[in-house]
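Below is one structure, written out as structure tokens; comments come after it.
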Amino acid sequence: MKNVLLFADPGVDDAFAIIYSVLHPDINVVGIVAGYGNVEVEIATRNIATILNLLEVDIPIYGGANQPVSDVYVEFYPEIHGVEGLGDFEPEGLGYQLTNFTDLYEVFDKYEDISVVGIGRNTGLMISYMLGKQKMEQAKNYFIMGGAFLTPGNITPAAEANFYGDPVAAKFVFENLKTRVFPLNVTNSAYVTPEMIDYIITYSPLEKLKQPLQLMYNFYYEAYQEFIPGLNGALFHDLLPFMYITNPEMFSFVEREIYIETSSGPGRGASIADFRPRYEPSPAAGGEEEEIKHKIALQMDYNKFFRLFLETFIQNLPPEAGE
């Protein structure tokens, strides 16, 4: 079992990623930090509680950041995720137990080899490191969904949403943590088609999940038809770090330093790495070669993505499916 501490801001694709991670037999989600991003932090927290309730699991939810550390206006995207963040699925009133943010450090005393996965804005991750550096440095790995390298952003021509939403926090994370990054370069291939959802609805043994999945997907799919005309599906960016955790062979990476543009101009939130043919790491102080901190995913085996998605959501994929 791979122990995971998750930072999320559901959001439809975040919701699917949470469900995927809980259903996957080799992933053990030890806690989820709710933060602003796709929706306000209160709604994100409610959405996480709703998902866990549908899955009938008890996972601690920690209250995270409600605004960026950058001096930027908080923008939400109801046209992509719906006003409440879960598309056309409207959760009923649900009580939940919110654990104090700093209680998340206790997971490092309870579990070994924790991987931290960030699929939202990086504000909560920055704050958790600033307040508990010794604990956060016990994490085995850091996986971040965000950025766009040598490809257009999805919020501006230069920037992807997570880094654009708090570029100062993203900059801090890459200056202090060794990460594997899953940018738009690879997540733009993570499309889920209506036929895949139909298959899950038909064969999943989890009756409580079927209607919510359908309602979330339908709204998200329609949004993507406006956002990227001609796309046969919708992009589920946030699934990829979880797929890497159990199936690293399906991705290819390059090692680079990563820089984040924090200005308030048109480049705000842009992720920058050196892709010139004769790239060499920058020398550290004293002239020694600087350790490269980051690995950037650039390619993915879509056939494996397809099979993992269906296999995990229906729990028992027939061998001939997807052939």
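The values are calculated or read from the model by the stated rules, or taken from the named source; none is laboratory data. The shown structure was predicted, so the numbers you read here are calculated from the model rather than taken from an experiment. Cβ: placed from backbone, ideal geometry, glycine included. Neighbour counts: every protein chain shown. Just the protein is used for accessible areas: all its heavy atoms, side chains included, with ligands, DNA and RNA removed. Shrake-Rupley method; radii C 1.70, N 1.55, O 1.52, S 1.80 Å.
Please specify each residue of region 100-121 satisfying the condition of being open to solvent by less than 30 Å² (accessible area, probe 1.4 Å) and outside any strand (DSSP E or B). Within region 100-121, L104, Y105, V107, F108, I119, G120, R121 meet the criteria.
In the set N53, N162, only one residue is open to solvent by less than 20 Å² (accessible area, probe 1.4 Å) and assigned to a helix (DSSP H, G or I); that residue is N162. Cβ-Cβ distances below 6 Å connect the following pairs, each with a first residue in region 181-205 that is touching a residue at least 12 places away in the same chain (Cβ under 8 Å), a second residue that is basic (K, R) and surrounded by fewer than 23 Cβ atoms within 10 Å (Cβ to Cβ), and a separation of six or more residues or different chains: I201/K210. Only one entry of L86, L125, L104 meets the criterion of being more than 17 Å from the chain's Cα centre (by Cα) and among the aliphatic types (A, V, I, L, M), and that entry is L104. Only one entry of E42, E79 meets the criterion of being modelled with pLDDT under 95, out of contact with any strand residue (DSSP E or B) (no Cβ under 6 Å at 6 or more places or on another chain) and over 22 Å from A223 (Cα atoms), and that entry is E42.
Which condition number does G11 fail, the rest of (1) in contact (Cβ under 8 Å) with a residue 60 or more places away in the chain; (2) touching a Phe, Trp or Tyr at 6+ places or on another chain (Cβ under 6 Å) being met? Here G11 meets the rest and fails (2). I want to confirm something. Restricting to region 136-154 and keeping residues that are over 15 Å from F253 (Cα atoms) and in a loop (DSSP other than H, G, I, E, B), which single residue is most open to solvent (accessible area, probe 1.4 Å)? My answer is K140.
Anything in region 82-103 that is more than 26 Å from F219 (Cα to Cα) and modelled with pLDDT of 80 or more? List them, or say none. Correct list: N100, F101, T102, D103.
Table: residues versus (1) among the hydrophobic types (A, V, I, L, M, F, W, C); (2) in contact with a His (Cβ under 7 Å, 6 or more places away or on another chain); (3) surrounded by 20 or more Cβ atoms within 10 Å (Cβ to Cβ).
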site: Q225; (1), (2), (3): no, no, no
site: G230; (1), (2), (3): no, no, no
site: G233; (1), (2), (3): no, no, no
site: V254; (1), (2), (3): yes, no, no
site: I260; (1), (2), (3): yes, no, yes
site: G267; (1), (2), (3): no, no, no
site: A270; (1), (2), (3): yes, no, yes
site: R276; (1), (2), (3): no, no, no
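In this structure, is E84 out of contact with any Pro (no Cβ under 8 Å at 6 or more places or on another chain) and acidic (D, E)? Criteria not met by E84.
Looking for something at pLDDT below 95, more than 26 Å from P10 (Cα to Cα) and of a type in the set (S, T, N, Q) - is there at least one such residue anywhere in region 250-257? No, region 250-257 contains no residue that is at pLDDT below 95, more than 26 Å from P10 (Cα to Cα) and of a type in the set (S, T, N, Q).
Out of all the residues in region 207-227, which are farther than 25 Å from G146 by Cα and either touching a residue at least 40 places away in the same chain (Cβ under 8 Å) or charged (D, E, K, R) (or both)?
Keep residues of region 207-227 that are farther than 25 Å from G146 by Cα, which gives 207-212, 214-215.
Once the filter is applied, which keeps residues that are farther than 25 Å from G146 by Cα and either touching a residue at least 40 places away in the same chain (Cβ under 8 Å) or charged (D, E, K, R) (or both), region 207-227 yields E207, K208, L209, K210, Q211, P212, L215.
Taking region 148-168 as the range and being within 14 Å of I119 (Cβ to Cβ) and among the aliphatic types (A, V, I, L, M) as the test, only A161 passes.
Residues considered: G64, G120. Of these, the only one that is within 20 Å of the chain's Cα centre (by Cα), on the phi < 0 side of the Ramachandran plot, modelled with pLDDT of 95 or more and not hydroxyl-bearing (S, T, Y) is G120.
Hey, any hits in region 19-34 for a residue that's acidic (D, E), open to solvent by 30 Å² or more (accessible area, probe 1.4 Å) and modelled with pLDDT of 95 or more? Yes; the residues of region 19-34 include at least one that is acidic (D, E), open to solvent by 30 Å² or more (accessible area, probe 1.4 Å) and modelled with pLDDT of 95 or more. Tell me which of these V29 doesn't satisfy, since it passes every other one: (1) under 18 Å from F313 (Cβ atoms); (2) outside any strand (DSSP E or B). Here V29 clears every test but (2). Listed by first and then second residue, the pairs linking a residue in region 24-48 that is farther than 17 Å from I59 by Cα to a residue that is buried (at least 24 other Cβ atoms within 10 Å of the Cβ) and of a type in the set (D, E, K, R), with Cβ atoms under 7 Å apart and 6 or more places separating them unless they lie on different chains, are Y36/D9; Y36/R121; G37/D9; G37/R121; N38/D9; N38/D14; V39/D9.
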